[in-house]
Structure formats: C-alpha cells, structure tokens
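Inspection log for the structure reproduced underneath, given as structure tokens.
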Amino acid sequence: MSLIFFSIGMGILLLASFLCLYRISAGPTPPDRTVAIDILGTLMVGFTCLYAMYFNQEFYMNVALAWALLSFIGTVALAKYLEGRKFHE
C-alpha cells in the first residue's frame, strides 16, 4: 500500500473521528450520542484495518473483527437500554 493512500485514509478517518467526538459531547439527545459512539467504533475498525494493510500485519485484521463485533453488541445493548424513553430537545 502506498504512503499517499495511507496518509489520505488516516486523514479522512481522523477528521471523521473529531466530528464524532464533537457530536458525542454536543449531541442534544442520548440517541444522537449513541449513534456517534457507534460510528466512532466503526472508524476505529477502519484505523485498525488501514494499519494492518500498511504494515502487512494480519493480526490486526483479527483485532478489527473483534472490535467490530464488540462495538455492535455494545450499541445494541445501549439501544435496548434507551428504548421507550422520552427525550427533550
């Protein structure tokens, strides 16, 4: 993988991560924050996959897969917890 592709990919993921962190801190309702946390978990999987491809380390692909599964389970659990609650904007 070329350094240019790696740098551009990391830059885009980093910008998206900062936007998610902003939404987590400023999101008006808990469901907004939940979605931002889920997207942040997906972005971390992207970081791990880029790292694995650039440095040719297949172990990190396993880490990314485990991270994705745990992120999904955590999001489902949080959504179940927030289900049926009323939120004021």
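Each reported figure results from applying straightforward, stated rules to the coordinates on display, with no laboratory input. Just so we're clear, the structure is a prediction, and the values are computed from it rather than from any experiment. Here the Cβ positions follow ideal geometry from the backbone for every residue, glycine too, while neighbour counts run over all protein chains shown.
Observations
- Neighbour counts of C-beta atoms inside 10 Å place LYS86, LYS80 in the sequence LYS86, LYS80, starting with the fewest.
- Note on the chain: helix-only mean residue ellipticity at 222 nm, from DSSP H runs of 4+ residues weighted -39500 (n - 2.57) and normalised by residue number, equals -29500 deg cm²/dmol.
- For the peptides 35-41, 8-14, residues were scored by their other Cβ atoms within 10 Å and the scores averaged per peptide; the highest-first order is 35-41, 8-14.
- Most fluctuating residue given options PHE18, PHE47, PHE55, as computed from a GNM of the chain linking Cα atoms under 10 Å: PHE55
- Considering all different alpha carbon pairs of segment 3-82, the Kirkwood hydrodynamic radius works out to 13.4 Å.
- Considering only ALA52, ALA64, ALA77, the mean-square fluctuation computed in a Gaussian network model of the chain, springs between alpha carbons under 10 angstrom, is largest for ALA77.
- Across the options THR34, CYS49, LEU14, the greatest Cα extent toward the positive end of the charge dipole of segment 4-89 (unit charges at beta carbon of Lys, Arg, Asp, Glu) belongs to THR34.
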